[in-house]
Amino acid sequence: ALHVVWLRNDLRAYDNAALFHAVTAANNDADSAVLAVFVATAASWQQHHMSTIKQDFIRQRVRQLTVELAEQGVAMLALEANHYQDCRPVFAKLSALGMVALYSQPEYELREQQRDRQITADLQAAGVAVHWYDRQCVMPPGSILTQSGDTYKVFTPFKRNWLARLQQLGVRCYPRVRAEKFYDVSAIGEQLALPAMQNGDNSAAAWPVAEQQILEQMRQFCQQQVADYQRTRDFPEQAGTSGLSAYLAIGVISAQQCVNRLQLEAAVTLEQDKSGASVWLSELIWREFYKHILVAYPDLIKHNPFQADTAAIRWSNSKTLFDAWCQGKTGYPIVDAAMRQLNQTGWMHNRLRMITASFLVKDLHIDWRWGEQYFMSRLIDGDFAANNGGWQWAASTGTDAAPYFRIFNPVTQSERFDPAGNFIRRYLPELAKQSAKTIHWPHNKGTPAEYWPAVVDHNDARKITLALFAEVKKPN
Ligand code: FAD
């Protein structure tokens, strides 16, 4: 009998509920073995605009995980398909080959859910047990509700409730498990009618993928850096944040492990205190807030705005301005440096994600969905819920959105969060000689401006934004 673990966005050996239960079940029965399966689906990934760097990152991680799982006695098959639908025959075949149970972690997006519903139905019809373990969040969607049983639409009360639950329930991680019997995959590999997973383009080579190394990075962050988080996290020039988002996005580490370690290393209180540890925990709670919202409002998955009235905003959607933004040639140095960081590295600092998103929507008047998609197509940590939540926050169309009349001034933001201009200089060598004073706005008379002219005037753009929103927010 075969117990199959289907790994997707939980690409880890430790604290993996599905893996834990599959191995435990196989170990309890002398005639049973466990098999881990991963299916790459490049065509579906592209349909979701997944960046090539994230695709490569997943492939590299899966390769590494195959080695790590083998050390724990678990055989893993990594296969290459195109679309999600191609997974269906694989599991049908595995069921014909003696699979008695499937173990996996659900995903929240639409096509993923469709795929999982179909496969669950197929397998149950064939008498195979299907077990889902939702461990994407410390507090699963649906478990944090208002007194009247609704989903929170505002972060602060959500967080308060979340923290109370944490105090009540604590957080539990699953131990590493070892399978007693190694399953010989050579016997079935060829029968599954899919080739072995291919290599990627190596674009994620700069990102280590060994689980122990990432756990160590997380531990060190909690031990040595988190105390300064509140002070440093907003300055893109400093390595003040954990850099763990890509690993959380594909589940190389879990949020449970982060919270567990944080509690061991630092005092996290229920109060709204300003310690680095509490503020970092808050960010992990933001991650869960957006996932809860996504599950409760599946319309968001279709890229509809949370605030329905904002669907009528008449964005100007200039292709020229959009291209300037994508390429980092808007003439606003902080925006341009940030976009080049994204284009060159596949990652962008959170403060800069807020600044560039706000700029696209409120200075260039481009539909936030264009930016959402562009981010997805470039980010190594692309995550639907966080990305959609972040964009709708910046665009003032979302749940807990910034009010539309609060508009970032990109130059003031730059002066405040990159005071010496070092971040700008790193990505815009053409501005290397500008002083800390002139670098944020190298367009004044007297500054030797050899820089892209500003594509818009912020003050004019701001007025247009206010008018665009006022038009749809008018009381009837
Ligand atoms: P840290 O500051 O160390 O935070 C720890 C973890 O908390 C992060 O790894 C992440 O998992 C989570 N987190 C932090 N901030 C947020 C947030 N605002 N919302 C949700 N989760 C958060 N994050 C993604 O993981 N994927 C995305 O696709 C994504 N798109 C974004 C788009 C926009 C427009 C904005 C404003 C934010 C977006 N974020 C996204 C959130 C945030 O910018 C990144 O999570 C963060 O910059 C990652 O760096 P870090 O791991 O060093 O974060």
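Please identify every one of the trypsin sites (Lys or Arg not before Pro) in the stretch 274-376 that sits in a loop by DSSP and has no more than 14 other beta carbons within 10 Å of its own beta carbon. The partial results should precede the final answer.
Working: sites: 274, 287, 291, 302, 314, 319, 329, 340, 351, 353, 362, 369; in loops: 274, 314, 329.
Within the stretch 274-376, the qualifying trypsin sites (Lys or Arg not before Pro) (loop, at most 14 other Cβ atoms within 10 Å) are 274, 314.
Contour minus end-to-end for residue 299 and residue 443, with contour as 0.36 nm per residue of separation and end-to-end as the Cα-Cα distance? Write out the running numbers ahead of the final one.
Numbers: separation 144, 0.36 × 144 = 51.84 nm, distance 4.33 nm.
Full extension of this stretch gives 47.5 nm more.
May I ask you to evaluate 6.51 cos²θ - 1.76 cosθ + 1.60, the Karplus curve with θ = phi - 60°, for each residue of the stretch 155-164 and list the ³J(HN,Hα) values in order in whole Hz, giving x for glycine and proline?
These are the phi-based 3J(HN,Hα) values: 5, 4, x, 4, 5, 4, 5, 4, 5, 5 Hz.
Given a Förster radius of 45 Å and the C-beta distance between residue 227 and residue 343 as r, what FRET efficiency does 1/(1 + (r/R0)^6) yield to the nearest 0.05? Mind dumping the intermediate values first?
Working: r = 33 Å, r/R0 = 0.73.
Once the sixth-power term is evaluated, E becomes 0.85.
Let me check against my output: what whole-number percent is the relative contact order of the chain, with C-alpha pairs under 8 Å and at least 6 apart? Mind dumping the intermediate values first?
Numbers: 749 pairs, mean separation 82.3, N = 476.
The value is 17 percent.
Give me the distance in nm between label points sitting 7 Å out from Cα along the Cα-to-Cβ direction at residue 126 and residue 317, one decimal.
Each label point lies 7 Å from its Cα, and together they span 4.4 nm.
Take every DSSP beta bridge whose two residues both sit in the chain, then give the antiparallel share in percent to the nearest 5.
Taking every DSSP beta bridge within the chain, about 10 percent pair in antiparallel fashion.
What longest region of the chain stays clear of chymotrypsin sites (Phe, Trp or Tyr not before Pro) that DSSP places outside H, G, I, E and B and that have at most 16 other Cβ atoms within 10 Å? Please list the in-between numbers first.
On the way: sites that count: 182, 315, 405.
Here the longest segment lacking exposed loop sites spans 1-181.
When only DSSP loop residues count, what trypsin sites (Lys or Arg not before Pro) in the stretch 377-470 have their Cβ near at most 15 other Cβ atoms within 10 Å?
Working: sites: 378, 406, 416, 425, 426, 433, 437, 445, 462, 463; in loops: 406, 433, 437, 445.
The qualifying sites are 406, 433, 437, 445.
If you line up the long axis of helix 110-125 against the longest principal axis of the chain, both from Cα atoms, how many degrees apart are they, to the nearest 10?
That works out to roughly 10 degrees.
Under the 0.36 nm per residue contour assumption, what length would be gained going from the current alpha-carbon distance of residue 113 and residue 273 to full extension? It would help to have the intermediate numbers written out before the result.
Numbers: separation 160, 0.36 × 160 = 57.60 nm, distance 3.83 nm.
So the chain would gain 53.8 nm between residue 113 and residue 273.
Calculate for the chain the 222 nm mean residue ellipticity that helices alone would give, adding -39,500 (n - 2.57) per DSSP H run of length 4 or more and normalising by residue count, nearest 500 deg cm²/dmol. Walk me through the intermediate numbers first.
Details: 20 runs with 218 residues, N = 476.
Helix-only estimate at 222 nm: -14000 deg cm²/dmol.
How much length is gained on full extension from residue 467 to residue 264, taking 0.36 nm per residue of separation minus their Cα-Cα distance?
On the way: separation 203, 0.36 × 203 = 73.08 nm, distance 5.02 nm.
Fully extending the segment from residue 467 to residue 264 adds 68.1 nm.
For Cα pairs less than 8 Å apart in space and 6+ apart in sequence, what is the mean separation divided by the residue count of the stretch 308-473, i.e. the relative contact order in percent?
Numbers: 219 pairs, mean separation 47.9, N = 166.
Relative contact order for the stretch 308-473 comes out at 29 percent.
Please report how far the C-alpha centroid of the stretch 226-271 lies from that of the stretch 145-219, rounded to the nearest whole angstrom.
16 Å
Looking at the stretch 241-309, which GluC sites (Glu not before Pro) are DSSP coil and have at most 11 other C-beta atoms within 10 Å of their C-beta? Provide the component values of the computation, followed by the final result.
Numbers: sites: 265, 271, 283, 288; in loops: 271.
In loop regions of the stretch 241-309 (DSSP not H, G, I, E or B), the sparsely surrounded GluC sites (Glu not before Pro) are 271.
Given 181/291; 159/302; 329/437; 159/474, which pairs have Cα atoms separated by over 29 Å?
Details: 181/291 37 Å; 159/302 26 Å; 329/437 20 Å; 159/474 32 Å.
181/291; 159/474, as the Cα separations exceed 29 Å there.
Can you give the FRET efficiency to the nearest 0.05 for residue 459 and residue 83, using r as the Cβ-Cβ distance and R₀ = 60 Å? List each step's numbers first, then the result.
On the way: r = 48 Å, r/R0 = 0.80.
According to the calculation, E is roughly 0.80.
Every number here is computed from the coordinates shown, using simple stated rules; none is lab data. Since this is a predicted model, take the numbers as computed values, not measurements. In this analysis, Cβ positions are derived from the backbone assuming ideal geometry, glycine residues included, and neighbour counts consider all displayed protein chains.
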